[in-house]
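Structure first, then comments.
The values are calculated or read from the model by the stated rules, or taken from the named source; none is laboratory data. Given the structure is predicted, the values throughout are model-derived calculations rather than measurements. Cβ placement follows ideal geometry from the backbone for every residue including glycine, while neighbour counts extend to all protein chains displayed. For accessibility, only protein heavy atoms count, side chains too; no ligands or nucleic acids. Shrake-Rupley method; radii C 1.70, N 1.55, O 1.52, S 1.80 Å.
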Amino acid sequence: MKKSIIFLGILATSIGLSACSNNTTTSSATNSSAHSGHEHHKAAVADIREETPGADVLPQFLKNQPKDMKLVYLSVAKNRELLEKIPCYCGCGMEANHKNSYDCFIFKNKRNGAVVWDDHGTKCGLCIEIAAKAMLDYNRGKSIKDIRKDIDEKYKEGYAQPTPTPSL
């Protein structure tokens, strides 16, 4: 588990350097404009959803993705309670009807334990960055309320409207 936490930290840092619209030297207006044009948020391009028997069985759409992407998806599946309280700022609330960061990766958890995965997270560095940062901070002992506050503060300007995640 400790190895996963360290890896998520490295992943969050590297993604932070390359995530969509996360160039700190760019003005807020430019960030917002640059991010709003991402193709995966257009209604014509649907996210892929795939069901597996459980959270430990990854979907086939991850088959050719990097190992770190697979680790993020597995970690998200183990951090539902956290990520359902963390908003995403990529625009998926409006375009994909997501309610929180968890929805960028998992569409539905079924009563029989099956998971319906969503490939949205594979197409947006911002989704991965937010989820990875939240999980890393949580594993370091930070409270969900403090993580939420930090995420809201970091992405309040220059990004799309957050998902309609209820306040804590």
Q) Can you name every residue in region 61-102 that is free of Cβ contacts under 8 Å to residues at least 40 places away in the same chain and farther than 24 Å from Glu153 by Cβ? A) Lys63, Asn64, Pro66, Lys67, Lys70, Leu74, Ala77, Lys78, Asn97
**Q.** Residue in region 146-154 that is under 20 Å from Leu71 (Cα atoms), touching a residue at least 60 places away in the same chain (Cβ under 8 Å) and not β-branched (Val, Ile, Thr) present
**A.** no
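Determine whether region 131-147 contains at least one residue that is β-branched (Val, Ile, Thr), more than 20 Å from Arg49 (Cα to Cα) and within 12 Å of the chain's Cα centre (by Cα). Write out each step before concluding.
If we filter region 131-147 for residues that are β-branched (Val, Ile, Thr), which is where we start, we get 144, 147.
Subsequent filtering for residues that are more than 20 Å from Arg49 (Cα to Cα) retains 144, 147.
Now drop any that are not within 12 Å of the chain's Cα centre (by Cα), which leaves none.
Scanning region 131-147, I find no residue that is β-branched (Val, Ile, Thr), more than 20 Å from Arg49 (Cα to Cα) and within 12 Å of the chain's Cα centre (by Cα), so the answer is no.
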Q.
Testing Leu168 on (1) at pLDDT below 95; (2) open to solvent by less than 70 Å² (accessible area, probe 1.4 Å), one condition comes back false. Which one is that?
A. (2)
Q | Any hit, region 120-131, residues being free of Cβ contacts under 8 Å to residues at least 24 places away in the same chain and out of contact with any Ser or Thr (no Cβ under 6 Å at 6 or more places or on another chain) | A | no
Q. Helices (runs of 4 or more DSSP H) wholly in region 59-164 with at least 1 residues that are open to solvent by less than 30 Å² (accessible area, probe 1.4 Å) and small (Gly, Ala, Ser) - which ones?
A. 67-77, 92-95, 125-139
